Amino acid sequence: MTNLKPVLARLALGATLSEPEAEEAFGIIMSGEATPAQIAGLLMAMRLRGETVAELTGAVRAMRGRMARVEAPPGAIDVCGTGGDNAGTLNVSSAVTFVLAGLGVPVAKHGNRALSSRTGGSDVLTALGVNVDVPLERLPAVLRASGCAFLFAPRHHAALRHAAGPRVELGTRTIFNLLGPLTNPAGVTRQLTGVFDPAWARPMTETLSRLGTTRCWLVHGMGLDELTVAGESQVVELRDGAIREFAVTPEEAGLRRAPIAEIHGGDAAVNAAALLALLQGATGAYRETVLLNAAAGLIVAERVATLREGAVLAAAALDSGAAMAALESLRRETA
């Protein structure tokens, strides 16, 4: 395959691509050999029909084969979301990163600036004084010293610049929203990943299983790409090759319920202020949400067996200042 025209003709008829075909097609995109119109056509054809596990896997292989990798310590995990839920909430996975790092769980957090939401991980961390543009060769040392590091997606996946224009112009979620959490530059084999639509939790989990992930939770909470304390959340878990689906509630973690409206955020400055207040002891729905998601992260990291145990540990990380210390360390190490 040397161009996308034959692929587009097939996709227009509702055909699906095999894993090798998808890898080749996305390789063409990432090599700069496809036009913006062809890229947009492929993305929308897949979206309208529904992306398959084979297509996801092939696209991930194409991305992983071209990304700038980072060495991570054993047991490192990723906590991130797909984006695309358009909920405008405070940054949960960034806060969870500091809680886990404060508990000694290395977090290689893959993330981006805001693409489909108001404030992305890059935006809020920059507002908190973290240098997200630290030289790539320094990232392994940052991760070892701070227990966490932010892997800014555009720097590790430079080949995706060829799809950036069509993605922005389309202004809607595409397969790339699904691919980001599947292409961690540190090659982690454990992750807590939020999905904007619960229908994608199982296909993404099956994709990760094909690609060597050993333990993960793919989660969705009442419209959010994270676990919620507003009610019941859906989970698809991969553990030692087996996939199972279940639901969780905040009560299982010993946490109180609160409406999603209580964690609505704003711009980077607003969200950064809320995250800083959280690390300094603020209580409320944001804290409860972070505790629930951190508890899930601790299960994925195999530090605890239950959400209740995890929430207790996570609360201790906040109350003792360990989570705040992780942020302060990341600031220093990336200066």
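Got a sec? How would 209, 94, 146 order by Cβ neighbour count within 10 Å, fewest to most?
With the sparsest Cβ surroundings first, the list reads 209, 146, 94.
Between helix 36-49 and the chain, what is the angle of the helix's C-alpha long axis to the longest principal axis, kept within 0 to 90° and rounded to the nearest 10?
With rounding to tens, the tilt is 70 degrees.
Wrap a convex hull around the Cα atoms of the stretch 254-295, take a quarter of its surface area, and give that in square nanometres.
Details: hull surface 12.3 nm².
With the hull built on Cα positions only, its mean projection is 3.1 nm².
Between residue 210 and residue 49, what FRET efficiency follows from the Cβ-Cβ distance if R0 is 22 Å, with the result rounded to 0.05? Walk me through the intermediate numbers first.
Working: r = 20 Å, r/R0 = 0.93.
The value I calculate is 0.60.
Among 246, 176, which comes first, then next, by fewest other beta-carbon atoms within 10 Å?
Working: 246 9, 176 23.
In increasing order of surrounding Cβ atoms, one gets 246, 176.
Could you tell me how many degrees, from 0 to 90 and to the nearest 10, lie between the Cα long axis of helix 53-64 and the main elongation axis, the longest principal axis, of the Cα atoms of the chain?
80 degrees
Using only helices, what value at 222 nm comes out for the chain when you add -39,500 (n - 2.57) per DSSP H run of length 4 or more and divide by the total residues, to the nearest 500 deg cm²/dmol?
Calculated from helices alone, the mean residue ellipticity at 222 nm is -13500 deg cm²/dmol.
Whole angstrom only: what separates the Cα centroid of the stretch 1-50 from the Cα centroid of the stretch 286-331?
Here the two parts' Cα centres lie 41 Å apart.
Most exposed first by the Cβ proxy, i.e. fewest other Cβ within 10 Å, how do 103, 227 rank?
Working: 103 23, 227 33.
Result, fewest neighbours first: 103, 227.
If packing is taken as the average count of other Cβ atoms within 10 Å, what order do 198-208, 288-298 fall into, highest mean first?
Details: 198-208: 20.8, 288-298: 29.5.
Highest to lowest by the protection proxy: 288-298, 198-208.
What does the highest-first list of 303-316, 131-144, 76-89, 211-224 look like by mean Cβ count within 10 Å? Write out the running numbers ahead of the final one.
Numbers: 303-316: 18.9, 131-144: 16.6, 76-89: 23.7, 211-224: 20.8.
By packing density, highest mean first, the sequence is 76-89, 211-224, 303-316, 131-144.
Over the Cα atoms of the stretch 5-64, Rg to Rh with Kirkwood Rh, two decimal places?
Working: Rg = 10.3 Å, Rh = 11.2 Å.
Checking Rg against Rh, the ratio lands at 0.92.
For the chain, calculate the relative contact order in percent as a whole number, restricting contacts to Cα pairs under 8 Å that are 6 or more residues apart.
Values: 696 pairs, mean separation 71.9, N = 335.
Contact order relative to length: 21 percent.
Any read-out appearing in this document is the output of simple, stated calculations on the displayed coordinates, not a laboratory observation. As the structure is a computational prediction, the values presented were derived from the model and not from experiment. Cβ: placed from backbone, ideal geometry, glycine included. Neighbour counts: every protein chain shown.
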